[in-house]
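Read the structure below first, then the notes.
Every number in this text was worked out from the coordinates using simple rules, so none of it is lab data. Bear in mind the structure is a predicted one, so any value in this text is a computation, not a measurement. Neighbour counts run over all protein chains shown; Cβ positions are idealised from the backbone, glycine included.
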Amino acid sequence: MRRRTPTAGLALALFAAVTATLTTTAASAAPAPVSAAPALVAAAPDISVTNVQAHLTQLNTIATNNGGTRRAGSAGYTASVSYVKAKLQAAGYTVTEQYCSACTYPSNNLIAEWPQGPADQVVMFGAHLDSVSAGPGINDNGSGSATLLENALVLAQQNPSMTKRVRFAWWTDEEQGLNGSEFYVNSLSATQKSYLKGYYNFDMVGSTNGGYFINRITSTTAAPLKAYWDSLNLQPEENVEGQGRSDDYSFQQAGIPTSGYAAGASARKTSAQATKWGGTANVAYDSCYHRSCDTTSNISATVLNRSADGVAYAIWQLAVGGGTPTNDFSVAVSPTSGSVARGGSTTATVSTATTSGSAQTVSLSATGAPSGVTVSFSPSSVTSGGSATMTVSATATATTGTFTITVTGAGSVTRSAAYTLTVTGTGGCTGGQLIGNSSFESGSAPWTASSGVITNSSSQAARTGSYKAWLDGYGSSHTDTLSQSVSIPAGCSSYTLSFWLHIDTAETTTSIAYDKLTVQVGSTTLATYSNLDKASGYTQRSFNLAAYAGQTVTLKWTGVEDASLQTSFVIDDVTLQVG
């Protein structure tokens, strides 16, 4: 948890995620035994505190091997990310690293999503993974990080049916001002923010003289967290000390409902709190807060266990359905719209995903096409989790206008997605340059790019103007993408894609392609470049796209960098000239 509290007021945002009224047990002055399993949480799993402590031991070892710290941007932080990421990937999570270029110590957030449940109904659980420079940060905030990791692993192991999607996050640079979580929230579109039905934060949940605190305790969002601790007769209180000091604040400022557990930092336990919770009055909840003694010895197993089990209860209450998982899947079309001229065709990708239960065969079909337009799929059926190419073809006499095509997947259930098709008349070639913002001087639109790719950084010169697209160049395992969707008219005699590429590398080999840039149109690879193609300046690269006339396609550049020695792929002045 960061040290200073901002003066901005905290907005209490509520959402109706808990529909059942939970009956609490009468409060007792003495804490209930850890072994007591409340009847109301019978459906939720017991999280092994021993397993949580094993993760803390690993984080402590990582700090010991890296100068005693896991500060954001340090080798200790990078190793912490690798440890958590490896566990999640092995369990079947969809895991991504987000580079926080705006952080005080630029480094990666780690995001993991369990690929079950509706993608537009998400509950999110987060904890910061970084420590301060002074110590290994095992309570602050290895405790929250390890608690979420073990909960994520248990969710994957049990694989229940899901009523909502669960997303976990481990934030960087929290100790420097909540920078990692703020960067993530700012990267979300308005639609993506609307999918988040609640964010739950866990920062310092194992304090040795700890208390039982809940963020925005009276809110609907907090109800499942409070219900679990109420069932243990703990009489939790509002987390006054932590207001505005941890990553829930970033989400709250964006209007997303928030809550979370905390066990206290440098504030002192009152006599009344010591009476009902145990511990020592007038002593800090965590006497090793932001100090080198914040090691595995600085953890209360009792507080940690109650926090971990409370997280599990909240996950099961908010996002898990009862009974055996039902086989279900989703269907999506990308792009969601396209244009085709009479006599031409266009393509899109139909993707499916298993949302609960087991994978199944999904047969694809389409309805709503106007007269003279046919829609086909290759392949015509997929196993959920797979994708197919949808081809829309128009005859010379096809009905013109804009139409909604319904793409349907049929399996044990039926799921569909909409595709907006515009059919234009004949009339020959409409020539010109088709790439929008071709020199990157006008912001980011209509490009879609990884964070920090479109930049005016002076470290790599643009070919013209000030801005360019700079992929990779980190000297560590990293992937950047750059793409733009383009509708290519039919009836032209030339279709030339051109861009200028500068490759700068620290690699010294003359035979091994360690770092690569792939250029694609749709799913077709046009070319692959690597550190072996380095040059002192920009080189123009050109391709004939006549095969894609009459289609809407996505042009995409993907840079993949290995674990050491940077390679920068710098792109400028992209054009698609037709005539």
Completion exercise
Note on the chain: contact order normalised by length, alpha-carbon pairs under 8 Å, 6 or more apart, percent, works out to 13 percent
Handout entry: Rounded to 5, the percent of DSSP beta bridges in the chain classed as antiparallel
Key = 80 percent
Practice task
With only Lys, Arg, Asp and Glu charged, each at its Cβ (+1 for the first two, -1 for the last two), find how big the charge dipole of the stretch 375-521 is about the Cα centre; round to the nearest 20 debye.
Solution key: 380 debye
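How big, on average over all directions, is the shadow cast by the Cα convex hull of the stretch 405-473, in nm²?
9.0 nm²
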Problem - Long-range Cα-Cα pairs in the stretch 262-366 (distance over 24 Å), rounded percent - result: 60 percent
Problem - Sites excluded, trypsin sites (Lys or Arg not before Pro) in DSSP loops with at most 13 other C-beta within 10 Å, longest stretch of the chain - result: 5-579
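If you average over every viewing direction, what projected area does the convex hull of the Cα atoms of the stretch 104-196 give, in nm²?
In nm², the orientation-averaged hull projection of the stretch 104-196 is 6.3.
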Exercise for the section: Grab the DSSP H runs of the chain that are 4 residues or longer, score each as -39,500 (n - 2.57), total them, divide by all residues and round the 222 nm result to the nearest 500 deg cm²/dmol. Expected result: -5500 deg cm²/dmol
Practice task
Return the ratio Rg/(2.2 N^0.38 Å) for the stretch 227-286, where Rg is computed over Cα atoms only.
Solution key: 1.29
Practice task
Please quote Rg/Rh for the chain to two decimal places, taking the Kirkwood radius as Rh and restricting both calculations to Cα atoms.
Solution key: 1.02
Practice task
Please work out the Kirkwood hydrodynamic radius for the stretch 291-444, using every pair of different C-alpha atoms, and report it in angstroms with one decimal place.
Solution key: 19.6 Å
Problem - Ellipsoid equivalent to the stretch 420-542 - semi-axes via the Cα gyration tensor, in Å - result: 30, 17, 14
Exercise for the section: Starting from the eigenvalues of the Cα gyration tensor, five times each then square-rooted, give me the equivalent ellipsoid semi-axes of the stretch 436-489, largest first, whole Å. Expected result: 20, 15, 8
Completion exercise
Taking N as the residue count of the stretch 53-104, its alpha carbon Rg divided by 2.2 N^0.38 Å gives 1.22
Completion exercise
Computed on Cα atoms, Rg of the stretch 363-489 relative to 2.2 N^0.38 Å comes out at 1.46
Exercise for the section: Could you size up the charge dipole of the chain around its Cα centre, putting +1 on the beta carbon of Lys and Arg and -1 on that of Asp and Glu, and report it in debye to the nearest 20? Expected result: 620 debye
Problem - Those chymotrypsin sites (Phe, Trp or Tyr not before Pro) in the stretch 434-526 that DSSP places in a loop and that have at most 13 other beta carbons within 10 Å - result: none
Handout entry: C-alpha long axis of helix 49-64 to longest principal axis of the chain, angle in °
Key = 70 degrees
Problem - Centre separation in Å (Cα based) which lies between the stretch 47-104 and the stretch 504-535 - result: 30 Å
Practice task
Report the local net charge at Ile47: Lys and Arg +1, Asp and Glu -1, summed over other residues whose C-beta lies under 9 Å from its C-beta.
Solution key: -3
Fill in the blank from the handout: Pairs over 26 Å Cα to Cα, from Lys197/Lys226; Lys164/Lys556; Lys85/Lys226, come to Lys164/Lys556; Lys85/Lys226
Fill in the blank from the handout: In terms of the charge dipole of the stretch 220-327, which places +1 on Lys and Arg and -1 on Asp and Glu at the beta carbon, the residue among Gly242, Thr220, Gly278 farthest towards the positive end is Gly278
Practice task
Please give the net charge around Arg306, taking every other residue with its beta carbon less than 13 angstrom from that of Arg306, where Lys and Arg add +1 and Asp and Glu add -1.
Solution key: -2
Practice task
Would you mind getting the Kirkwood hydrodynamic radius of the stretch 206-310 from its Cα pairs, rounded to one decimal in Å?
Solution key: 14.2 Å
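Would you calculate the volume per residue, in Å³, of the smallest convex hull containing every Cα atom of the stretch 520-568?
Per residue, the Cα convex hull of the stretch 520-568 comes to 97 Å³.
Net charge within 13 Å of Ser82 by Cβ-Cβ distance, Lys/Arg positive one each and Asp/Glu negative one each, not counting Ser82 itself? Mind showing how you got there, number by number?
Working: positive: Arg70, Lys85, Lys87; negative: Glu97.
Residues near Ser82 contribute +2 overall.
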